[in-house]
Amino acid sequence: MPAYVPGRTVPGAIKLASNETPYPPLPHVVSRITEAAAEINRYPDNFATELTSVLAAKLGVDVEQVRVGCGSVSLCTQLVQALVDADEEVMYAWRSFEAYPIISAVSGASAIQVPLREHVHDLAAMAEQVSGKTKLIFVCNPNNPTGTAVSRDALVRFLRAVPPDVVVALDEAYREFVTDPDVPDGMTLLPDFPNLIVLRTFSKAYGLAGLRVGYAVAADPALTAALRQTQVPFAVTSVAQAAALASLEPAAERELLARVADIAQERERVFGALVGFGYPVPPTQANFVWLPLGDATADWAAACEARRVIVRGFAGSGARVTIGSAQENDRFLAAAAELAP
């Protein structure tokens with residue numbers, strides 16, 4: 001069984017390995033966390049009722065179309081458990097989010113991996129490989145770890161080609177970092193595709209990675225009802241719920257999204273510098289860049305670590321580097337310049 005490999009933390013080094021935000025939580029959010037922590041002798045609201053209602057109102061959908069979970073990866077697991085039997089198939093692009101193979105293996109489902117094409121989802125090839133046993137398809141957009149994204153037209157063509165009894169999970173963990181208007185907001189596609197479910201998280205743009213809270217929005221409430229059935233009781237802590245609610249308040253959200261804009265600007269700076277150094281970096285819409293280094297990946301990542309910069313290497317494939325603060329990015333770029341091809 002494959003094992004999930006988290007980004008490592010090395011004392012004294014800059015960590016650019018886990019797609020975390022470089023910014024600390026807003027003081028307002030920390031205050032709400034502190035208040036909620038005073039009551040952790042009580043179980044949390046099992047269904048995150050208030051957070052679900054706030055999200056539904058924000059997104060303009062019915063509350064029954066929304067489910068909150070312990071991070072979007074937990075919701076991915078719940079989907080596989082709810083929809084796929086041991087002799088059926090889960091499909092996803094590869095390379096993509098490394099939890100997909102683990103989730104499939106744990107559930108006993110068959111995993112159908114469709115190679116990326118020029119670092120982007122090959123949606124036409126994925127549609128062609130759908131069989132009578134295919135029950136769930138993950139589309140990570142923007143894709144982790146490559147940062148690439150599919151266009152609205154390509155995604156709509158794919159959704160039209162997928163049989164209506166096959167659920168498509170659009171994993172939008174990095175949606176807030178998208179600046180290309182051609183990359184679709186999955187929420188706008190829900191009215192036209194009853195088999196679509198959109199997954200999002202508070203871990204990245206909202207800076208709550210340590211608290212584990214995400215949410216799913218489905219066109220068909222039957223899908224979110226299935227998520228309720230497969231959720232571990234009390235999975236989302238009261239502290240996480242309070243932090244997410246505080247982050248969604250208008251003033252807090254404005255400040256958080258201003259931080260996202262700063263990260264997107266730094267992303268473009270880092271991308272441009274890497275291209276100038278000669279790295280074949282694909283365009284990215286996430287809060288990281290992908291360096292397809294092939295067999296040189298492990299040595300390159302180790303050389304970065306020797307320069308006190310920790311990146312996420314995928315041996316034989318490439319390295320993913322999170323966009324950090326301007327100072328952290330400068331440290332990384334100095335290392336990348338020394339190691340340039």
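For V236, no residue 5 or more places off, or on another chain, has a built amide H under 5 Å of its own. Projecting the Cα atoms of G214, Y279, S151 onto the dipole axis of the chain, where Lys and Arg carry +1 and Asp and Glu carry -1 at the beta carbon, places Y279 farthest toward the positive end.
Per-residue packing, averaged as other Cβ atoms within 10 Å, sorts the ranges 194-203, 67-76, 4-13 into the order 67-76, 194-203, 4-13, beginning with the highest. Of (i) 31, 59, 10; (ii) 30, 53, 17, 0; (iii) 27, 43, 21, 9, 1, which one was derived for P(r) over Cα pairs in 20 Å bins from 0, in percent from the structure shown? This structure yields the entry labelled (i). Here the simple spin-label model places points 7 Å from the Cα toward Cβ, and for T49 and A261 these points are separated by 3.8 nm.
Only the coordinates and a few stated rules stand behind these numbers; no lab work does. Everything numeric here is computed off the predicted structure, so don't read it as measured data. A quick note on method: Cβ atoms are made from the backbone with ideal geometry, for glycine too, and the neighbour counts reach across all protein chains shown.
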